[in-house]
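The structure appears right after this line, and notes come after that.
The values are calculated or read from the model by the stated rules, or taken from the named source; none is laboratory data. Just so you know, these numbers come straight off a predicted model, no measurement behind them. Positions of Cβ are backbone-derived with ideal geometry, glycine not excepted, and every protein chain shown enters the neighbour counts.
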Amino acid sequence: MTSPALPARFSRAGDSAIVVEFEERIDLAINARCIAFANAVLSCGLPGIRDVVPAYCTVTVYFDPLRTEQERLLACLKQAASETRRTVDAPGRTHRVPVCYGGELGPDLADVARFARLSEEETIERHVVRRYRVFMLGFIPGFAYLGTVDEQIAAPRRAAPRTRVPAGSVGIAAGQTGVYPIETPGGWQLIGRTPLRVFDPSRPRPSLFQPGDAVHFVPISRQQWDRFTL
Amino acid sequence: MGSLHVVRPGLLTTVQDLGRWGFQSLGVPVSGAMDTFSHRIANVLVGNDQSAATLEVTVAGPELVFSDERMVAIAGAMFDLSVDGRAVASTGAFVVPKGGVLRFAARVTGARAYLGVAGGIDVPLVLGSRSTYLPARLGGHGGRALAAGDHVPLGEPADGRAMRRRVAPRSHTRAPDGDRAVRVLAGPQADRFTDDALDRLQSGSYRVLPDSGRMACRLEGPVLRHARRAEVISDATPAGTLQVPPAGQPILLMADRQTTGGYAKVATVISADLPMVAQAAPGESLSFTVCSQAEALAALIAQERTLLALEDA
């Protein structure tokens, strides 16, 4: 069974943020605790809280120092940390993300296959077979850090980042995989592309992916891609 | 409804407000005015709510035609200004008549000016904010900087009183003869550095490099050394964070910073001194001094008092 959770560590990041750190490693249970803790802080509804940002193993709470009783805030955070000490991972939603692998839509698939010493088909299979977790979002709006990738295909970032990565590109960087929500510069190895819009600020849920969600990639053919993007 | 017609856009003129809070967990940066203090002053002077959107004008200013008569005020960086070719003092609020041309000419001090217009800049709210985030083309005027030929919508002026006789406080915009003195709080990851890192940070001046912008202020000065690795497991990056990549030169994160980052963070600039950093043009230099939480809060309260005094005038 899991070992008992260590107490959370609180530190200040400037005059208007508190970082709550759980154990310093990338781990499903610790990340689940972060997400549960972030939700608990949001639901305590303390005035002055501006934002609550869960990451791999920390949660940062932003507050307005002129409108926050900091003693009360700290008490609320400590309460939330102790309540979420024995968090069972409550999985979020599960997304099936269609991906057309390789070719011009996945220009680095051959390089990743070479890194893995597998065929392109086997490389795709290794990427598809896993169920990934959304550990956190960052980098650009709607970009989810998904993990963890099969070690054999976990190719490092490209030596020279691309100045232009098209929206929907699916990439690998070491143990992480992810979908570029918008066109942007980027250094991940691009193995395919999804026709889904993973970020759209006009939707009630602007980001398809939320921390704690699960993601399956589903291979589609070029013909299916063309139909999706008509 | 009134609008501003853009004749010349200036170097980088964007719509900004107090930021897009509440979506950082989805990777959406806060953005907003780089110098929130001046942004708020510009709004107060024209009788707007402090959160109304203004135009952030960077280094070289625009030329704008007003479709109706408006009270306006410019805070932050000081420019030579004219309305219909006649010089106007940029210290307080003034009226631009219907069809009037407001022209920004030479910059006198500071890097960023805020144009407050009675009624505010009325672009649509995107995720609760009118701020422009250029890398994702989010918010503002079509997600981009203003361009010649744009018509920028203005809101209906509220009943707020314009402060025509008040002078915008600007002490933080002036470039001092020496360094701009910036106060920081240690951490949150000062323990990732060698024991002398905070002393080194305070030991000399840091020059603001030319590739600085809304995302970050890139600095060159005394090198800070990591105790072991420069990388940490990615976590949130508040405004004012001094993060340090392997080469040891700190990067000061500003309004358009990414929501998370993976470099160790040696110190964090206090909220009250971020407006001063926003007014530093490339080539100027900053010096850092570690202060206490109490001092940081006192400085913020002093700024708040200045704003309250303007409102109550």
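Of all the listed residues (B:SER38, B:SER3, B:SER25), the sole one being within 14 Å of chain A (Cβ to nearest Cβ) and of a type outside the set (Lys, Arg) is B:SER25. Output yes when any residue across segment B:114-131 is touching a residue at least 40 places away in the same chain (Cβ under 8 Å), farther than 17 Å from B:ASP49 by Cβ and not aliphatic (A, V, I, L, M), and no when none is. Scanning segment B:114-131 turns up no residue that is touching a residue at least 40 places away in the same chain (Cβ under 8 Å), farther than 17 Å from B:ASP49 by Cβ and not aliphatic (A, V, I, L, M). Has segment B:55-62 got at least one residue that is surrounded by fewer than 24 Cβ atoms within 10 Å (Cβ to Cβ), touching a helix residue (DSSP H, G or I) at 6+ places or on another chain (Cβ under 8 Å), closer than 17 Å to B:THR173 by Cβ and more than 14 Å from chain A (Cβ to nearest Cβ)? No; the residues of segment B:55-62 include none that is surrounded by fewer than 24 Cβ atoms within 10 Å (Cβ to Cβ), touching a helix residue (DSSP H, G or I) at 6+ places or on another chain (Cβ under 8 Å), closer than 17 Å to B:THR173 by Cβ and more than 14 Å from chain A (Cβ to nearest Cβ). Whenever a residue of segment B:218-237 is within 14 Å of another protein chain (Cβ to nearest Cβ), its partners that are of a type in the set (D, E, K, R), lying with C-beta atoms within less than 7 angstrom and at least six residues away or across chains, give the pairs B:VAL232/B:ARG192; B:ILE233/A:GLU24; B:THR237/B:ARG257.
In segment A:118-139, the qualifying residues are those that are under 26 Å from B:PRO238 (Cβ atoms) and either among the acidic types (Asp, Glu) or within 14 Å of chain B (Cβ to nearest Cβ) (or both), and the one that is surrounded by the most Cβ atoms within 10 Å (Cβ to Cβ) is A:MET136. When segment A:140-186 is filtered for residues that are small (Gly, Ala, Ser), surrounded by fewer than 18 Cβ atoms within 10 Å (Cβ to Cβ) and either over 19 Å from A:GLU104 (Cα atoms) or assigned by TED's automatic domain parsing to the domain that holds A:ASN31 (or both), the ones remaining, listed by number, are A:ALA159, A:ALA174, A:GLY175.
Condition (residue is in a loop (DSSP other than H, G, I, E, B), modelled with pLDDT under 95, of a type outside the set (Ser, Thr, Tyr) and in contact with a strand residue (DSSP E or B) (Cβ under 6 Å, 6 or more places away or on another chain)) applied to segment A:92-102: is it met by at least one residue? Scanning segment A:92-102, I find no residue that is in a loop (DSSP other than H, G, I, E, B), modelled with pLDDT under 95, of a type outside the set (Ser, Thr, Tyr) and in contact with a strand residue (DSSP E or B) (Cβ under 6 Å, 6 or more places away or on another chain), so the answer is no.
If the condition is being surrounded by fewer than 24 Cβ atoms within 10 Å (Cβ to Cβ) and away from every other protein chain (no Cβ under 14 Å), then segment B:41-54 contributes B:GLY47, B:ASP49.
In segment B:156-180, the residues that are of a type in the set (A, V, I, L, M, F, W, C) reach residues that are modelled with pLDDT under 75 and assigned to a loop (DSSP other than H, G, I, E, B) with C-beta atoms within less than 7 angstrom, at least six apart or across chains, in these pairs: B:MET163/B:ALA313.
Okay, residues lined up against (1) within 14 Å of another protein chain (Cβ to nearest Cβ); (2) within 23 Å of the chain's Cα centre (by Cα); (3) not charged (D, E, K, R):
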position	(1), (2), (3)
A:ASP64	yes, no, no
A:THR68	yes, no, yes
A:LEU74	yes, no, yes
A:LEU77	no, no, yes
A:THR84	no, yes, yes
A:ARG96	no, yes, no
A:VAL99	no, yes, yes
A:GLU104	no, no, no
A:VAL112	no, yes, yes
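Residues that are more than 10 Å from chain A (Cβ to nearest Cβ) and over 15 Å from B:ALA33 (Cα atoms) within segment B:129-143 comprise just one, B:GLY142.
In contact (Cβ under 8 Å) with a residue 24 or more places away in the chain, buried (at least 17 other Cβ atoms within 10 Å of the Cβ), in a helix (DSSP H, G or I) and of a type in the set (Phe, Trp, Tyr): does that describe A:PHE115? For A:PHE115, the condition - in contact (Cβ under 8 Å) with a residue 24 or more places away in the chain, buried (at least 17 other Cβ atoms within 10 Å of the Cβ), in a helix (DSSP H, G or I) and of a type in the set (Phe, Trp, Tyr) - is met. Considering B:VAL95, B:VAL108, B:VAL123, which residue is outside any strand (DSSP E or B) and among the aliphatic types (A, V, I, L, M)? Going through B:VAL95, B:VAL108, B:VAL123 in turn, the sole match is B:VAL123.
Go over the candidates B:SER287, B:SER212, B:SER203 one by one and state the one that is at negative phi, assigned to a strand (DSSP E or B), away from every other protein chain (no Cβ under 14 Å) and modelled with pLDDT of 95 or more. So the residue among B:SER287, B:SER212, B:SER203 that is at negative phi, assigned to a strand (DSSP E or B), away from every other protein chain (no Cβ under 14 Å) and modelled with pLDDT of 95 or more is B:SER287. At least 1 residues being of a type outside the set (S, T, N, Q) and crowded, with 19+ Cβ neighbours inside 10 Å is the threshold, and among the strands (runs of 3 or more DSSP E) wholly inside segment A:1-91 those reaching it are A:17-21, A:49-54, A:58-63.
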